[in-house]
Every structure is written in C-alpha cells, then in structure tokens.
Amino acid sequence: MSSSTPVVKRWRRFGYDRLYVTQPDGEEIGWADLRTDQVCAASLQELPVLTDAVGTWKARNNWNPSGMPLVVPAASTAAVRREPATTPLTDRAAGTCLPRDAVRCWTDLSTNVPGAEARKQALLLRNAAPIRTFFARLFNRRTDERAWRIGADGEEMVAAELAQLCRWNPSWRVLHAVKVGTRGTDIDHVVVGPGGVFTLNTKHHPGARIWVGGDTVMVNGWRAPYVPKSRHEAGRAAKLLTAAAGFSVQVQGVIVPVRAQGTTIAAPPSDVSVVPSKRIVPWLIERGAVLDHPTCSRIFEVARWSTTWQPLDATVAGR
C-alpha cells in the first residue's frame, strides 16, 4: 500500500455498519454507512478521495454497490449547492429526501454569537413596537422584549465564564445559540470536553431567590418548569449527536442561574444539575476525565454542523 493511500476501517457498533476513511497520518477524510448508503466527507475537497476509497473497499470485498445519497459538510460556512436531479433518494439517517448526487449544505455553528437568538427576538419585538418598548424600558416594566433581552445578557455572561475554561484547557470547546429543529428552539450552550457533553440552559434572574427541590424550581415563589425542559433538551441533544457521531453520546442537562441573590438546592434533580454561573467552570472541571481527546474531537466536529441539529430543508431555507 502506498504511503499516500487512504486507510479504510470498518466499524460496527450500536446498530451502525460504517467505513471510516483517514489519511495515513490519521487525518479524517470521512465515512460511509454500509446500511444506509449515506456518505459524509470532512470537506467537499475530500469527497472524491472518500468515494474512491469506499469504492475500492467494496470491490475488494465483493460488496454489492448501490447509489449513494451524499451528505457532505462544506469546508467553510459558505453554502454548497447543486441543481436537484429528477430522481430523489432517501437519506434515512436524516429522514429527508435528497436529490441524487446532492450535496448537503451546512453552517459552522462554532461561529455563533452567545445570546444571538434571544437578542434577535428582542430586536424583532422592539422594532414592532418601538414607542411602547421605550416607555416599558423607562418604567422598567416586564415585557416579552425585556425577557428576551435579559435572557441574552445572561447567555453572554455564561459564555464569558466558559471562555475562561477553554483558555485554561483547549480540550474544552463550546457552541452557543444552537438552533434545534424547525420551531425556533435553541440551546443556549453546548459544552464538549474531557468531563463529558453538556447542554447549558441559562436563566438570568437578577436579585432573585431560587429554590430547587427535585423537579421543582421556585423563582421568588413562582414555579418554573426548568427541570423538565432541561431534561428534554439534553435527551434530544443526545439522540441527535449519537446519530451524527455514529456512537452513543451521553448528554447532561444543566440549569445555570445568573446573578441570583441565592440558589438553594434542597434536593437535586435526578438527572439535571443546577449550577450558578460563577460555579460553572469549576463544576465542569470537577467532572474529571470521562472522554478521551479523539472522542471529544469527533463529538464537537459533528456538533458544529447545523445539519446535525436541523433537517436539510430547514438548514438550506435558513441561509
């Protein structure tokens, strides 16, 4: 085998049967799923190398080839588009219909700005009623615009804390304002590092008193449904990341109160953590070493693809 010949390794776990293709030095080229015929290249430039390597492996192993719907992240945030052909093929992993020889576009979520989605909603509300918003701010009234704006402030504060963690140990990496699905839902922060994978739900309650007892969260005596939502968010993220990575990914949901006067945890929720923003970095470090570097890198790589979190039609429409 030539020193420049790609290395093809078959991987069968968790119901998947895939070929992982790398350069001889270990640099990832991409993978092909032998059950679904889905192909995913590390970049558009690597696509010919990937398909040739997979084709060679199939020929040597007498594998019955079939047409391949291609799922290819582009090398940058620029969209990659092709005119659709007349015969569609089903991308079973994504649950969408792709044109034959289509190239799937994606956006690099690592460029997202903290609080971007919340800030966007606040701006839309302010522009829709600028005078009412002005007087509401003047008299400090509670409005939807204020809630979104305060929420964005909280996300930015937590992002600043997480940035310190990433500077201290670059093995920790973070995504912000990750849009999920087609209904406007987003995850404030997705954190991937040696200690595991976490979805952080920021709750900005300046001066508030927060009480936690199991699934019950009280904010100044008002009951908030934070725990069930955080649990659902983490579970959904785990399913999407598992499907994209090709192996089981466990995700921990974390509620992060910001600038609260006090947070009392009478009884912690069974599978969701509540960690004040000023404690979030040491808390993450205290998780220890659960994931090795290659696993962290693989999870973060698929996490930053917008197509991991949204179906193809939503991703393309949102560009």
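No lab work stands behind these numbers, since they all come straight from the coordinates. Computed from a predicted structure; not experimentally measured. Cβ placement follows ideal geometry from the backbone for every residue including glycine, while neighbour counts extend to all protein chains displayed.
Name every residue in region 15-33 that is surrounded by fewer than 18 Cβ atoms within 10 Å (Cβ to Cβ) and more than 19 Å from W305 (Cβ to Cβ), in order of residue number.
Once the filter is applied, which keeps residues that are surrounded by fewer than 18 Cβ atoms within 10 Å (Cβ to Cβ) and more than 19 Å from W305 (Cβ to Cβ), region 15-33 yields G15, D17, Q23, P24, D25, G26.
When you scan region 199-209, do you find a residue that is in contact (Cβ under 8 Å) with a residue 60 or more places away in the chain, touching a strand residue (DSSP E or B) at 6+ places or on another chain (Cβ under 7 Å) and either more than 24 Å from R149 (Cβ to Cβ) or of a type outside the set (F, W, Y) (or both), even just one? Break it down stepwise before answering.
Applying the first criterion (in contact (Cβ under 8 Å) with a residue 60 or more places away in the chain) to region 199-209 yields 200, 202.
Then keep just the ones that are touching a strand residue (DSSP E or B) at 6+ places or on another chain (Cβ under 7 Å); that gives 200, 202.
Among the residues that remain, those that are also either more than 24 Å from R149 (Cβ to Cβ) or of a type outside the set (F, W, Y) (or both) are: 200, 202.
So far as region 199-209 goes, yes, one or more of its residues are in contact (Cβ under 8 Å) with a residue 60 or more places away in the chain, touching a strand residue (DSSP E or B) at 6+ places or on another chain (Cβ under 7 Å) and either more than 24 Å from R149 (Cβ to Cβ) or of a type outside the set (F, W, Y) (or both).
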